[in-house]
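Down below is the structure, laid out as structure tokens.
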Amino acid sequence: MLFIGIDLSDKTFDYCISNSNGDVLTINKFDFDDDGFSDFVHKINEHESENQNCIIGIENPRSRLVDFLIQRGFNVIPTHPLSISKYRESRIPSKAKSDPMDARLIADYIREHHKSLRTISMPDDTIRELSILLEDREKLVEQKVKFSNQLTSTLKAYFPQALEAFGSITNKSALEFLSKFDTHQEVRALLAKSSQELDDVLADCGFFRTDSRERFHSAMSKRPSSISPAVIKAKIRLKNVLVGHLLLLTQQIEDYEKQIQKLMDDTPDSGIFRSLPGADYILGARWEQDFLFFTAVENLLLPMKHKPSGEHAHTQAVQVLRQALVSERAVITLAETLFISLHSVHLNVVNGQRSNMPRSVRKVKGVIMPYAV
């Protein structure tokens, strides 16, 4: 049996191959591309020809390297950074850190703990597509936040009244209005000409609530700021570029959410996920697609066995549980996970029984018990 640790970086990945006795067979690195992946598999096969006899640990379970390895029959275990950090402290008091060293630590960690950890399994096509859509949507949201911050800075420089007029500068209604008007002076001119005409424009942009219109009129009725015409002219150009990007991103994000909703409706547990308090399609989809959840819980709870008084580890575990609770089936699996990870604790979540549970486990039990009825 081989135990292999992988430490990822932007363009390369370090790896350490060791045997069941902990002897290091090779430490090296490859480029993070398909050629590097193939060379990595070839290097493993120099020591072990049967891929199912290899257990590989990696901190980023969403890496495409994981898919590459699973498709070829390797056993892949995601290792949580907190677990590796604690393990490093126990092995290296100086806390020295390097990519090759981390790869060896991960190899040693999974060699010692692989029996209590879960390997990754490939989800079906629907869940896989759902996972990719969620990741891509998050990237679009990040871009939207970036452009929103730039738009806010731009408006502060020449049109601060717009920031006060709208509850959120990034909602579609505000963006539609900013695509029609460039300056405070233009809005005041229309307001002086016809208040009703301005209200009609607001209605066309989606402002229907009375309080929204009152806030808008109050902000636009203020005295114009004294700003250089050169600044106004330059900032209008940038404003139009940013508004255009934001309108496009807003529409793209809506399209992504529609597809996510469609895929969610096609999954058998969709109703369970969305029935949880505060869950919408996006949050439900995150829970649905997170097929690595139970492994993450195990890797967070495992350090408790060694340091039962470590409050930070307890808090982290509770946070993960709160974020990822899913269904009745999940509660049963959570009970199993807690038992495996803590070893000495007899916990029956479904029946509400407990035997000498430490405070950390009682906290976790308090999180999951409401979902076990």
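Read-outs: derived from the displayed coordinates by stated rules, not from any lab. As the structure is a computational prediction, the values presented were derived from the model and not from experiment. Note that we place each Cβ from the backbone using ideal geometry, even for glycine, and neighbour counts take in every protein chain shown.
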Dipole of region 2-121, positive direction: furthest Cα of Ile56, Thr79, Ser90, with charges on the beta-carbon:
Ser90
Dipole of region 141-264, positive direction: furthest Cα of Val231, Ala192, Gln150, with charges on the beta-carbon:
Val231
Beyond 19 Å, how much of the Cα-Cα pair distribution for region 9-103 remains, as a whole percent?
42 percent
Output the Kirkwood hydrodynamic radius of region 190-263, Cα pairs only, in Å rounded to one decimal.
15.5 Å
The long-range amide H neighbours of Leu25, using H built 1.01 Å from N in the peptide plane and a cut-off of under 5 Å, are Ile17, Ser18, Asn19
Which order do the peptides 55-62, 225-232, 78-85 come out in when sorted by mean C-beta neighbours inside 10 angstrom, highest first?
55-62, 78-85, 225-232
Around Phe37, under 12 Å between beta carbons, what's the net of Lys plus Arg minus Asp minus Glu among the other residues?
-3
Take each of the peptides 154-160, 183-189, average the number of other beta-carbon atoms within 10 Å over its residues, and list them starting from the highest.
154-160, 183-189
In nanometres, what is the gap between the two model label sites at Val141 and Glu89, each 7 Å from Cα along Cα-to-Cβ?
3.1 nm
Cβ under 12 Å from Leu246's Cβ, Leu246 left aside: what net charge do those residues give with Lys, Arg +1 and Asp, Glu -1?
+3
Any chance you could list the semi-axes, whole Å, largest first, of the equivalent ellipsoid that the Cα gyration tensor gives for region 130-264, using √(5λ)?
30, 18, 11
